[in-house]
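The structure appears below as structure tokens.
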Amino acid sequence: MKYKESLSIIFMRDNGPRRSFRVCRGRFYAALVFFACLPVLSSVLGWHCWQLWQENAALRANVLRFESDYQGAQATAERLEHLEELLREEDVQGRDLVLRRLGGGEPAVEAPPADRDENGKSEALRGAEGPGHEDFPAIDLDYVKVGNVQVRALRGGKLRLALDLRNTDNQRLASGSVSGTLITADGAKHPLSFDPENVGDFRISRFKRTVIVVRLPGRLDLVNAQVILEVRNQDESVVYRNIFPVEH
């Protein structure tokens with residue numbers, strides 16, 4: 001008669017009772033193999049988790065890049081839509097010249113001196129509009145292209161600043177910061193403080209959509225208020241400045 005072999009595990013104190021447990025030999029060896037392979041399984045699982053984390057980071061970077069490209073394409077489409085609306089009007093100055101250039105016709109002809117003088121006067125008049133232009137004249141050094149600027153008043157004494165920043169030189173990274181100054185209808189100036197402070201910093205190779213929500217200092221009357229928007233480069237030099245009305 002053949003007996004079934006089994007192992008006994010005995011727990012015994014020096015001066016105390018003895019406890020023994022019978023364990024099947026196959027199960028005992030299976031448990032030993034499992035615990036011996038557990039570090040290897042943990043290493044393989046950790047390696048797979050690290051790979052998944054890397055892929056997730058790459059996917060997030062791709063999503064952010066696609067969002068940036070989409071916003072750039074959307075901004076370009078809006079500009080083209082505005083251009084199309086202008087070209088539909090008959091009395092727009094320079095319409096025929098733009099149509100000829102778009103159609104591959106004659107090259108652009110330089111405007112006569114009289115037209116340049118008129119354009120310079122109109123730009124000077126536009127630069128002198130509204131409070132704040134005397135102390136903060138418009139500046140555009142073409143370090144970055146600034147477009148689609150929107151300044152909107154929000155509830156709870158907040159302002160929302162949104163603008164597009166486009167690098168004008170693909171051979172370098174454009175870095176700097178965005179700042180603003182609120183000018184109320186009475187001419188009082190209130191520098192806008194961002195929270196956190198580096199929310200206005202940028203470092204772009206091609207395009208960036210910047211959206212900043214600012215909490216105003218106290219209760220201010222935003223009727224006919226304006227915001228002076230400044231862009232500074234990494235040397236803290238002003239490369240762009242212009243004034244924009246606060247929308248409600």
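The values are calculated or read from the model by the stated rules, or taken from the named source; none is laboratory data. Because the structure is a prediction, the values reported are computed rather than measured. Ideal geometry is used to build each Cβ from the backbone, glycine not excepted, and the neighbour counts take in all protein chains shown.
Listed conditions (1) under 30 Å from Val211 (Cβ atoms); (2) at pLDDT below 80; (3) acidic (Asp, Glu) are all met by Glu67, apart from (2). Does segment 216-225 include one or more residues that are modelled with pLDDT of 85 or more, in contact with a helix residue (DSSP H, G or I) (Cβ under 7 Å, 6 or more places away or on another chain) and either within 19 Å of Lys145 (Cα to Cα) or not β-branched (Val, Ile, Thr) (or both)? Scanning segment 216-225, I find no residue that is modelled with pLDDT of 85 or more, in contact with a helix residue (DSSP H, G or I) (Cβ under 7 Å, 6 or more places away or on another chain) and either within 19 Å of Lys145 (Cα to Cα) or not β-branched (Val, Ile, Thr) (or both), so the answer is no.
Hey, could you check segment 173-193 for residues that are assigned to a loop (DSSP other than H, G, I, E, B) and among the aliphatic types (A, V, I, L, M) and say which is surrounded by the most Cβ atoms within 10 Å (Cβ to Cβ)? Write out each step before concluding.
Filtering segment 173-193 down to residues assigned to a loop (DSSP other than H, G, I, E, B) leaves 173, 184-188, 192-193.
Okay, now just the ones that are also among the aliphatic types (A, V, I, L, M), so 173, 185, 188, 192.
Numbers: Leu173: 13, Ala185: 12, Ala188: 12, Leu192: 20.
Per the criteria, the residue is Leu192.
In the set (1) under 30 Å from Phe66 (Cβ atoms); (2) more than 22 Å from the chain's Cα centre (by Cα), Gln226 fails one condition alone, (1).
Of the residues making up segment 156-172, just one is part of a strand (DSSP E or B) and either of a type in the set (Gly, Ala, Ser) or assigned by the TED database to the domain that holds Gln74 (or both), namely Ala162.
Hey, could you check segment 205-215 for residues that are surrounded by 15 or more Cβ atoms within 10 Å (Cβ to Cβ) and in contact with a Leu (Cβ under 6 Å, 6 or more places away or on another chain) and say which is farthest from Leu165 (Cα to Cα)? Among residues in segment 205-215 that are surrounded by 15 or more Cβ atoms within 10 Å (Cβ to Cβ) and in contact with a Leu (Cβ under 6 Å, 6 or more places away or on another chain), the one farthest from Leu165 (Cα to Cα) is Val214.
Taking the options Ala61, Ala36, name whichever one is surrounded by fewer than 10 Cβ atoms within 10 Å (Cβ to Cβ), outside the structural domain of Val211 (by the TED database) and without any contact (Cβ under 8 Å) to a residue 40 or more places away in the chain. Show your work before the answer.
Details: Ala61 fails: surrounded by fewer than 10 Cβ atoms within 10 Å (Cβ to Cβ).
Of Ala61, Ala36, the one residue that is surrounded by fewer than 10 Cβ atoms within 10 Å (Cβ to Cβ), outside the structural domain of Val211 (by the TED database) and without any contact (Cβ under 8 Å) to a residue 40 or more places away in the chain is Ala36.
For segment 194-225, what are the residues that are part of a loop (DSSP other than H, G, I, E, B) and of a type in the set (Lys, Arg)? Selection gives Arg206, Arg219. For segment 188-206, a residue qualifies if it is closer than 16 Å to Leu159 by Cβ and in contact (Cβ under 8 Å) with a residue 24 or more places away in the chain, and the qualifying residues are Lys189, His190, Leu192, Ser193.
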